[in-house]
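Accompanying notes for the structure given below.
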Amino acid sequence: MHKAVWASTMVAAMAVTAGQAGAATAKRASFGTLADGTAIEAVTLTGSNGVSARIMTLGATLQAFDVPDRNGKVADVTLGYDDAASYITKPNYWGQTIGRYANRIAGGRFTLDGKAYQLTQNDKANSLHGGTVGFDKRVWRIVSVKDGATASVTLALTSPAGDQGYPGKLDVTVTYALDDKGALTIDFDAKSDAPTIVNLTNHALFDMGGEGSAIGTMAHRLTIPASRYTPVNDALIPTGEQRPVAGTVFDFTRGRIVGQDVRDGRDAQIVTGRGYDHNFVLDGGITREPKLAARLEDPASGRVLEVLTTEPGVQFYSGNFLDGTLVGKRGHVYRMGDGIALEPQKFPDTPNQPAFGSARVEPGKPYHHRMVYRVSVAR
């Protein structure tokens with residue numbers, strides 16, 4: 001081949017390759033039906049680096065998150081089910097969008113502008129993750145699917161006034177956007193026609209060795225840039241204290257192996273939570289742009305997850321209540337410690353604890369939370 005022709009061909013090939021490398025795709029497909037015949041869809045976002053995320057309309061759920069390890073082997077790193085119906089018949093908050101209020105509200109009660117509201121109670125006397133029928137159990141509608149440098153899907157839901165006891169009609173959208181660098185950005189937006197409270201997050205449980213791995217997450221190394229955490233009472237409601245982590249089993253500021261102290265019964269908070277199930281007060285506070293909330297690394301596979309958020313806290317849950325009674329993806333039995341949740345959020349029970357800030361949303365002042373799951377490989 002003539003040098004000029006060869007050079008021209010190579011330039012063209014490189015241009016095509018570069019174009020493909022910069023293009024992430026979004027593919028929409030059926031994902032089965034529920035018992036009542038409701039059709040469920042899923043959108044799979046795929047980057048050129050081998051990372052992909054499947055988003056299901058039921059619960060606006062991150063149903064799968066496929067990530068390569070240091071040898072290029074791809075595995076789904078999120079716990080869940082292979083079919084949509086199981087998310088209803090055997091619920092466990094696996095990858096769903098949580099709302100209207102993530103985490104616990106004491107007694108399911110709060111007061112806003114002098115008026116008391118009673119929410120549905122689904123965690124003994126408390127309201128947990130939005131109540132009996134939270135956003136995780138709703139079928140969201142797809143409003144946008146896009147390919148490009150960043151592939152995305154936007155889902156929407158309307159929560160009427162009085163839903164689970166909350167005031168105000170709330171219009172909510174969740175946008176998942178995947179780029180070619182391993183970042184899955186999740187934008188939560190909500191607007192209300194009356195004063196209300198809002199706290200939205202994603203509740204994925206991760207095993208960076210691949211869900212259902214033989215050793216689970218106890219050998220993972222976790223870093224949380226938080227010098228304080230919020231201790232809880234026997235009902236897992238924050239006491240109001242913001243306790244320093246220094247010198248305790250809650251100090252993840254320089255990284256800590258998860259299993260090192262998860263069973264340390266000398267710490268009363270570990271006994272109360274049956275392990276870690278606590279909100280950490282991020283040193284960065286509320287920010288305009290997402291900052292690091294947690295870094296989770298599996299030394300065996302090299303897979304790394306970084307969680308970023310604009311919110312002031314992150315709930316670290318070490319999978320304490322997984323008891324082997326639920327069979328998840330690919331027939332895997334999930335046991336204690338088989339998954340870790342890192343949920344960016346406002347602090348639990350904020351509506352009843354003014355020192356924690358405010359969860360108030362009102363007309364003209366909408367809610368926005370941006371969080372990011374960023375994956376990479378440690379060599």
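In the range 228-278, which residues are among the small types (Gly, Ala, Ser), within 26 Å of Pro354 (Cα to Cα) and in a loop (DSSP other than H, G, I, E, B)?
Of all residues in the range 228-278, those among the small types (Gly, Ala, Ser) come to 235, 240, 246-247, 255, 259, 265, 268, 273, 275.
Applying the additional criterion that residues be within 26 Å of Pro354 (Cα to Cα) yields 235, 240, 246, 268, 273.
Listed by number, the residues that qualify are Ala235, Gly240, Ala246.
Residue by residue through the range 328-350, note down the ones that are surrounded by 21 or more Cβ atoms within 10 Å (Cβ to Cβ) and out of contact with any helix residue (DSSP H, G or I) (no Cβ under 9 Å at 6 or more places or on another chain). Can you show your working first?
Initially, the range 328-350 is screened for residues surrounded by 21 or more Cβ atoms within 10 Å (Cβ to Cβ), giving 328, 334, 337-350.
Hits for the range 328-350 are Tyr334, Asp338, Gly339, Ala341, Leu342, Glu343, Pro344, Gln345.
Is it true that Gly273 is surrounded by 15 or more Cβ atoms within 10 Å (Cβ to Cβ), among the small types (Gly, Ala, Ser) and free of Cβ contacts under 8 Å to residues at least 60 places away in the same chain?
Working: surrounded by 15 or more Cβ atoms within 10 Å (Cβ to Cβ): yes; among the small types (Gly, Ala, Ser): yes; free of Cβ contacts under 8 Å to residues at least 60 places away in the same chain: yes.
For Gly273, the condition - surrounded by 15 or more Cβ atoms within 10 Å (Cβ to Cβ), among the small types (Gly, Ala, Ser) and free of Cβ contacts under 8 Å to residues at least 60 places away in the same chain - is met.
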*If we keep just the residues of the range 67-120 that are among the basic types (Lys, Arg) and in contact with a Leu (Cβ under 9 Å, 6 or more places away or on another chain), which is surrounded by the fewest Cβ atoms within 10 Å (Cβ to Cβ)?*
Lys90
_Can you pull out every residue in the range 40-65 that is of a type in the set (S, T, N, Q) and under 25 Å from Lys90 (Cβ atoms)?_
Thr44, Ser52, Thr57, Thr61, Gln63
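Among the residues of the range 346-376, how many are over 27 Å from Glu241 (Cα atoms) and not in a loop (DSSP other than H, G, I, E, B)? Don't jump to the end; show me each part of the working.
So the first thing to find is which residues in the range 346-376 are over 27 Å from Glu241 (Cα atoms), and the list is 362-366, 372-376.
In the following step, the residues that additionally are not in a loop (DSSP other than H, G, I, E, B) were identified as 362, 365, 372-376.
Selection size over the range 346-376: 7.
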_Is it the case, given these coordinates, that Asn126 is more than 30 Å from Asp298 (Cα to Cα) and surrounded by 20 or more Cβ atoms within 10 Å (Cβ to Cβ)?_
yes
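Would you mind stating whether Leu326 is within 18 Å of the chain's Cα centre (by Cα) and not in a helix (DSSP H, G or I)? Talk me through it step by step, then tell me what you get.
Values: within 18 Å of the chain's Cα centre (by Cα): no; not in a helix (DSSP H, G or I): yes.
So Leu326 does not fit the description; no.
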*Does Leu296 meet the test of being part of a strand (DSSP E or B) and buried (at least 21 other Cβ atoms within 10 Å of the Cβ)?*
yes
*Does the range 85-102 hold any residues that are over 26 Å from Gln118 (Cβ atoms), of a type outside the set (Phe, Trp, Tyr) and under 18 Å from the mean Cα position of the chain (by Cα), and which are they?*
Gly95
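Report yes if Val304 is outside any loop (DSSP other than H, G, I, E, B), in contact with a strand residue (DSSP E or B) (Cβ under 7 Å, 6 or more places away or on another chain), more than 22 Å from Gly130 (Cβ to Cβ) and modelled with pLDDT of 95 or more, otherwise no. Please lay out each step first, then the result.
On the way: outside any loop (DSSP other than H, G, I, E, B): yes; in contact with a strand residue (DSSP E or B) (Cβ under 7 Å, 6 or more places away or on another chain): yes; more than 22 Å from Gly130 (Cβ to Cβ): yes; modelled with pLDDT of 95 or more: yes.
It is true that Val304 is outside any loop (DSSP other than H, G, I, E, B), in contact with a strand residue (DSSP E or B) (Cβ under 7 Å, 6 or more places away or on another chain), more than 22 Å from Gly130 (Cβ to Cβ) and modelled with pLDDT of 95 or more.
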*For the range 2-60, enumerate the residues that are part of a loop (DSSP other than H, G, I, E, B), hydroxyl-bearing (Ser, Thr, Tyr) and either at pLDDT below 95 or loosely packed, with under 11 Cβ neighbours inside 10 Å (or both).*
Ser48
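How many residues does the range 210-225 hold that are among the charged types (D, E, K, R) and over 25 Å from Leu282 (Cβ atoms)?
Total meeting the criteria: 1.
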*Name the pairs whose Cβ atoms lie under 7 Å apart, with the first residue in the range 130-155 and over 21 Å from Ser30 (Cβ atoms), the second surrounded by fewer than 17 Cβ atoms within 10 Å (Cβ to Cβ) and among the hydroxyl-bearing types (Ser, Thr, Tyr), and 6 or more positions between them or separate chains?*
Gly131/Thr120; Thr132/Thr120
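Working carefully through the options Arg370, Arg379, find the one that is farther than 17 Å from Thr78 by Cα, among the basic types (Lys, Arg) and at pLDDT below 95.
Details: Arg370 fails: at pLDDT below 95.
Exactly one residue qualifies, and that residue is Arg379.
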_Identity of the residue in the range 306-330, touching a residue at least 24 places away in the same chain (Cβ under 8 Å) and of a type in the set (Gly, Ala, Ser), that ends up farthest from Arg228 (Cα to Cα)_ = Gly328
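Within the range 181-195, is there a residue that is surrounded by fewer than 20 Cβ atoms within 10 Å (Cβ to Cβ) and touching a His at 6+ places or on another chain (Cβ under 9 Å)?
Scanning the range 181-195 turns up at least one residue that is surrounded by fewer than 20 Cβ atoms within 10 Å (Cβ to Cβ) and touching a His at 6+ places or on another chain (Cβ under 9 Å).
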*Sole residue being in contact (Cβ under 8 Å) with a residue 40 or more places away in the chain and buried (at least 24 other Cβ atoms within 10 Å of the Cβ), chosen from Arg360, Arg303*: Arg303
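The values are calculated or read from the model by the stated rules, or taken from the named source; none is laboratory data. Just so it is clear, the structure is predicted and the values come from calculations on it, not from any experiment. Using ideal geometry, Cβ is built from the backbone for each residue, glycine included, and neighbour counts are taken over all protein chains shown.
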